[in-house]
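Notes for the one structure printed next.
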Amino acid sequence: KQLGFTQEYRPEAGIVNFYQLDDTLTGHVDRSEKNMDAPLVSLSIGLSAIFLLGGLNRDDEPVRAILVRSGDLSILSGPTRLCFHGVPKILPEPLLIDFKIGNNLNNDENLEKCLDLMKNCRININVRQVL
């Protein structure tokens with residue numbers, strides 16, 4: 001409600017996209033959901049990326065090129081919900097978040113490996129209402 005959605009939003013499914021430096025995501029429209037009025041909510045973690053938001057048709061020129069960084073939350077709703085969108089470029093920059101590890105986690109090898117991985121990749125988590 002605080003974001004202005006007229007209906008109650010019930011996130012029912014999540015998708016995790018893992019990107020390495022040379023990966024891209026072709027322009028597309030998410031049309032699998034029955035309720036196309038429900039927003040798509042997306043969280044970016046790790047490397048930054050260029051996010052292109054196009055028009056209602058695949059041949060429309062991109063409307064906006066948006067830099068998405070680690071920690072950014074994006075929402076496609078209203079008219080943009082039906083716009084083509086994609087990720088043409090992952091940017092090879094260092095992770096901008098300085099991770100602070102509590103005393104009891106300092107020797108956790110799995111956590112260290114995870115943090116090391118996040119310096120070289122991007123994860124996008126998006127949630128959606130299916131019905």
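The values are calculated or read from the model by the stated rules, or taken from the named source; none is laboratory data. Keep in mind that what you see is a predicted model, and the values were worked out from it rather than measured. Cβ sites come from the backbone with ideal geometry, for glycine too, and all protein chains shown count toward neighbours. Keep in mind that these areas ignore ligands, DNA and RNA; they rest on the heavy atoms of the full protein, side chains included. Shrake-Rupley method; radii C 1.70, N 1.55, O 1.52, S 1.80 Å.
List of remarks:
- Computed packing ranks the peptides 40-48, 11-19 as 40-48, 11-19, most packed first, by mean other Cβ atoms within 10 Å.
- Partners for LYS119 among aspartates and glutamates (Cα-Cα distance below 13 Å; same-chain residues under 8 apart left out): GLU93, ASP98
- Partner aspartates and glutamates for LYS89 [C-alpha distance under 15 Å; skip if fewer than 8 residues away on the same chain]: ASP22, ASP23
- Contour minus Cα-Cα distance for SER77 and VAL63 (0.36 nm per residue): 3.5 nm
- Computed in the context of the full set of protein chains, the accessible area of the stretch 1-86 at 1.4 Å probe radius has 52% of its extent on carbon or sulfur.
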